[in-house]
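First up is the structure itself, then whatever we jot down about it.
The values are calculated or read from the model by the stated rules, or taken from the named source; none is laboratory data. In this text the structure is predicted, and so the values were computed from the model without any measurement. Ideal geometry is used to build each Cβ from the backbone, glycine not excepted, and the neighbour counts take in all protein chains shown. These accessible areas exclude ligands, DNA and RNA; they are computed on the full protein's heavy atoms, side chains included. Shrake-Rupley method; radii C 1.70, N 1.55, O 1.52, S 1.80 Å.
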Amino acid sequence: FLAMGLTNRGLCFNNHKDDREAIASYDRAFKVWENPIIRNGFSGWEVNLGIGYLNKSISLKVLGDVHEALNYNDKALMIFDRIVNVEGKTAYRNHLACLYNNRAIIFRHLGDDSAAVEFYEKAIDLRETLVFREGRSIHADQLAKSYMNKADTVMKLGDTRTAFEYYHKAKSIW
């Protein structure tokens, strides 16, 4: 429970815009999760580790360290991709969608708009499933933001028709 508390502490620092303290809390949590004696018998340790990696990636991006942010996004993506697509635990699809969306944002910061579009599309596919096929309207706002992000990116690439389509999709949700 110590590592979960440290991860939650990091999230509190994120919410208060103190990303350096958030990262310090996540790093302390990672050291706990890396100890096999502590995680032995606790089935949720890997999900919590993935959430910590995701949150640290966001903090690193905010601080401008986009390459390290991508590294932590990779670590979280490996965990949630396996949990969702191999183990079939679909309850974590929104985590995977969040990772794809944040990965797209990182690629935009790196100047790779084509890669960003690819990951926005992955996020959108998952979020459309959650919202439209499963009726989980709690994720609608995130879906609209993914639509807007994709629209902004394809507009920058010169595809105004697709941008307009995705702006319209976002507007229909908001």
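Scan segment 157-174 for residues that are among the aliphatic types (A, V, I, L, M), open to solvent by less than 60 Å² (accessible area, probe 1.4 Å) and more than 20 Å from A140 (Cβ to Cβ) and jot them down.
A163
Select from segment 99-156 the residues that are open to solvent by 50 Å² or more (accessible area, probe 1.4 Å) and polar (S, T, N, Q) and write down the one among them that is modelled with the highest pLDDT.
S114
Within segment 48-74, track down each residue that is at positive phi and assigned to a helix (DSSP H, G or I).
none
Among the residues of segment 75-93, which ones are surrounded by fewer than 20 Cβ atoms within 10 Å (Cβ to Cβ), assigned to a helix (DSSP H, G or I) and not hydroxyl-bearing (S, T, Y)?
Correct list: K75, M78, D81, R82, V84, N85, V86, A91.
Restricting attention to segment 36-46, does a residue exist that is in contact (Cβ under 8 Å) with a residue 24 or more places away in the chain and either under 27 Å from A144 (Cβ atoms) or buried (at least 21 other Cβ atoms within 10 Å of the Cβ) (or both)?
no
Among the residues of segment 60-74, count how many are buried (at least 24 other Cβ atoms within 10 Å of the Cβ) and either of a type in the set (K, R) or over 16 Å from L96 (Cβ atoms) (or both).
Residues that pass the stated criteria total 1.
Going by the conditions given, is R133 out of contact with any Lys or Arg (no Cβ under 9 Å at 6 or more places or on another chain), basic (K, R) and under 30 Å from N48 (Cβ atoms)? First the steps, then the outcome.
Numbers: out of contact with any Lys or Arg (no Cβ under 9 Å at 6 or more places or on another chain): yes; basic (K, R): yes; under 30 Å from N48 (Cβ atoms): yes.
Considered against the rule, which asks whether it is out of contact with any Lys or Arg (no Cβ under 9 Å at 6 or more places or on another chain), basic (K, R) and under 30 Å from N48 (Cβ atoms), R133 comes out as yes.
What number goes with the only condition from (1) more than 24 Å from L126 (Cα to Cα); (2) open to solvent by less than 30 Å² (accessible area, probe 1.4 Å); (3) without any contact (Cβ under 8 Å) to a residue 40 or more places away in the chain that C12 does not pass?
(2)
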